[in-house]
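Encoded as structure tokens, the structure appears first; notes follow it.
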Amino acid sequence: MTVSTLDWGTTYRVTVLDLGLACCGVEVMAALEGHRPEHLAALGVDPVHAAGEAHVLVVSGTVTDAMLPAVIATYQEMPEPRYVISVGACSNTGGPYWDSYSVTKGIDQALPVHVAVPGCPPRPEALLDGLAALHRMVS
């Protein structure tokens, strides 16, 4: 973990909602739910399960055109300020399915993405690095 991640936990807290849409979602769940709650609390990260409680939306996995309206609706339910982290190649660019007629070519076409975490799939620690990058961006 980086020092900036640890500093974030002592500065303020962030509530995170994961939209795990495919295999990258498992890696994000491992990062958010695989740790003991006190470890995430020390980092200032509180996973939540409702859009109305979240300030950070993590979109992880393949976003299909059919699923896109639900993703946008979830984002719109979030209180301000709200941020988006896109996790994995599929969420970032469509990944190996980029040429499919039914896959969104990156969630940034529909939502303002503040941090894009690369990988297919990225390791759970990559999400924590993405949260640290978001902290550096907004502080």
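Could you check, for the stretch 80-95, whether at least one of its residues is at pLDDT 90 or above, charged (D, E, K, R) and within 21 Å of Met29 (Cα to Cα)? Yes, the stretch 80-95 has at least one match. Within the stretch 89-118, the set of residues being surrounded by fewer than 18 Cβ atoms within 10 Å (Cβ to Cβ) and within 13 Å of the chain's Cα centre (by Cα) comprises Asp108, Pro112, Pro118.
When we screen His39, His49 for residues that are in a loop (DSSP other than H, G, I, E, B) and open to solvent by 40 Å² or more (accessible area, probe 1.4 Å), the only hit is His49. Looking across the stretch 94-111, the residues that are in contact with a helix residue (DSSP H, G or I) (Cβ under 9 Å, 6 or more places away or on another chain), touching a residue at least 12 places away in the same chain (Cβ under 8 Å) and not charged (D, E, K, R) come down to Gly95, Pro96, Tyr97, Val103, Thr104, Gly106, Ile107, Ala110, Leu111. Filtering the stretch 76-88 to residues that are touching a residue at least 60 places away in the same chain (Cβ under 8 Å) and of a type in the set (A, V, I, L, M) leaves Met78, Val87. Quick one: would you say Glu125 is open to solvent by 70 Å² or more (accessible area, probe 1.4 Å), closer than 22 Å to Glu33 by Cβ and not small (Gly, Ala, Ser)? For Glu125, the condition - open to solvent by 70 Å² or more (accessible area, probe 1.4 Å), closer than 22 Å to Glu33 by Cβ and not small (Gly, Ala, Ser) - is met.
Taking the stretch 62-72 as the range and being out of contact with any strand residue (DSSP E or B) (no Cβ under 9 Å at 6 or more places or on another chain) and without any contact (Cβ under 8 Å) to a residue 12 or more places away in the chain as the test, only Pro69 passes. In the set (1) modelled with pLDDT under 90; (2) surrounded by fewer than 20 Cβ atoms within 10 Å (Cβ to Cβ), the condition left unmet by Ala132 is number (2).
The rows are residues; the columns are (1) open to solvent by 10 Å² or more (accessible area, probe 1.4 Å); (2) closer than 17 Å to Leu127 by Cα; (3) out of contact with any helix residue (DSSP H, G or I) (no Cβ under 6 Å at 6 or more places or on another chain).
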site: His55; (1), (2), (3): yes, yes, yes
site: Thr62; (1), (2), (3): yes, yes, no
site: Ala70; (1), (2), (3): yes, no, yes
site: Val87; (1), (2), (3): no, yes, no
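The values are calculated or read from the model by the stated rules, or taken from the named source; none is laboratory data. Not measured: the values here are computed from a predicted model. All Cβ positions, even for glycine, are placed from backbone atoms using ideal geometry, and neighbour counts span all protein chains on display. Accessible surface is based on the protein model in full, side chains and every heavy atom, while ligands, DNA and RNA are left aside. Shrake-Rupley method; radii C 1.70, N 1.55, O 1.52, S 1.80 Å.
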